[in-house]
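Written below as structure tokens is the structure these notes are about.
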Amino acid sequence: MIFAIGTRCYPEDPDRLFAHQIGDGFYIASDFHEASLDRCAAIAVALMRGMTAAGCVARAAIAEGDLADYSGCRPPEVQKQAVRDGDDDVISLGEGIMTLQAVMGQGIINAVTLDKLTDTKGAILTIAAAKKARLSPAFRTAPLEANSEVLAIDWVHSSAPLIDRVASQSGLGTIDPAVLEDRLRTYVATHRLKSSWSTPTFRYAGLREKAASEPEIS
């Protein structure tokens, strides 16, 4: 999905994207500082909707900061043996190997820090409350109960032309909110997730959490 957005929506300078896998997640960065955070939010919304439509879920945090290749800061004896493998460098340790991440920076740290500050489980999309003015009103937000300095973006029901354009051009397609709601409920039921996960997911995505005795409506 990230590949589709990068190659079909923003393949050229100055709009090009830089995506780096970190563990089981990705850090997606723009080439330049962006006064409006609408594009960041639209990409995150499109990805979270696409994952949910595919039967999975995701969470994301929107943050800012520098990003750079720090491989030149390594000891010469290490850098001399480094062989680039994607975003990482691989170095021989005799019959073993050492893998080093070449791209690092404050942007990655800030995104991870923001996600930790949420103190909230679930499939949520977050942004610092201080940055709300840089989002258009099309993106619905609500302060987190656990930390009011962090806002959750309703990634299911927010509606903006830029979200639709990213979804359409990337090939992910627009997805009806009702379909997303159903997929989320199905995911929770299938994986028997606890309320500590489902409640914030539903609340900040604009879903009403059904009572245990409430029947399903087909």
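The values are calculated or read from the model by the stated rules, or taken from the named source; none is laboratory data. All values reported here derive from a predicted model rather than from experimental measurement. Because the Cβ atoms are built from the backbone with ideal geometry, glycine has one as well, and the counts that use them run over all protein chains shown.
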Out of the helices (runs of 4 or more DSSP H) lying entirely within the stretch 1-102, which hold 3 or more residues that are under 27 Å from GLU149 (Cα atoms)? 38-53
Considering only the stretch 91-118, state which residues are out of contact with any Leu (no Cβ under 8 Å at 6 or more places or on another chain), closer than 30 Å to THR199 by Cβ and either exposed (fewer than 15 other Cβ atoms within 10 Å of the Cβ) or among the hydrophobic types (A, V, I, L, M, F, W, C) (or both). ILE109, ALA111, VAL112, THR113, LEU114, LYS116, LEU117
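One line per residue, one yes/no per condition, for (1) in contact with an Asp or Glu (Cβ under 9 Å, 6 or more places away or on another chain); (2) among the aromatic types (Phe, Trp, Tyr):
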| position | (1), (2) |
| --- | --- |
| GLY6 | no, no |
| TYR10 | no, yes |
| ASP15 | yes, no |
| GLU34 | yes, no |
| ALA41 | no, no |
| ALA44 | no, no |
| GLU64 | yes, no |
| LEU67 | no, no |
| LEU100 | yes, no |
Failed condition for PHE32, given (1) farther than 18 Å from ILE163 by Cβ; (2) without any contact (Cβ under 8 Å) to a residue 60 or more places away in the chain; (3) in contact with a strand residue (DSSP E or B) (Cβ under 6 Å, 6 or more places away or on another chain), with all others met? (3)
Here is a list: ASP69, ASP38. Which entry is among the acidic types (Asp, Glu), in contact (Cβ under 8 Å) with a residue 12 or more places away in the chain and under 29 Å from GLY173 (Cβ atoms)? ASP38
Considering residues that are surrounded by 15 or more Cβ atoms within 10 Å (Cβ to Cβ) and within 21 Å of THR113 (Cα to Cα), the number found within the stretch 133-173 is 11
Given (1) over 17 Å from the mean Cα position of the chain (by Cα); (2) among the charged types (D, E, K, R); (3) crowded, with 20+ Cβ neighbours inside 10 Å, identify the lone condition not met by ARG185. (3)
Note: among ASP31, ASP88, just one is among the charged types (D, E, K, R) and touching a Leu at 6+ places or on another chain (Cβ under 7 Å), namely ASP88
When you check ALA68 against the structure, is it surrounded by fewer than 14 Cβ atoms within 10 Å (Cβ to Cβ), at pLDDT below 90 and over 15 Å from ARG165 (Cα atoms), yes or no? yes
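Per-residue answers, yes or no, for (1) surrounded by 13 or more Cβ atoms within 10 Å (Cβ to Cβ); (2) assigned by TED's automatic domain parsing to the domain that holds GLU181; (3) modelled with pLDDT under 90; (4) over 21 Å from ALA160 (Cβ atoms):
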position	(1), (2), (3), (4)
ASP13	no, yes, no, yes
LEU17	yes, yes, no, no
ASP24	no, yes, yes, yes
ILE28	yes, yes, no, no
ASP38	yes, yes, no, no
VAL45	yes, yes, no, no
GLY50	yes, yes, no, no
ALA54	no, yes, no, yes
ALA61	yes, yes, no, no
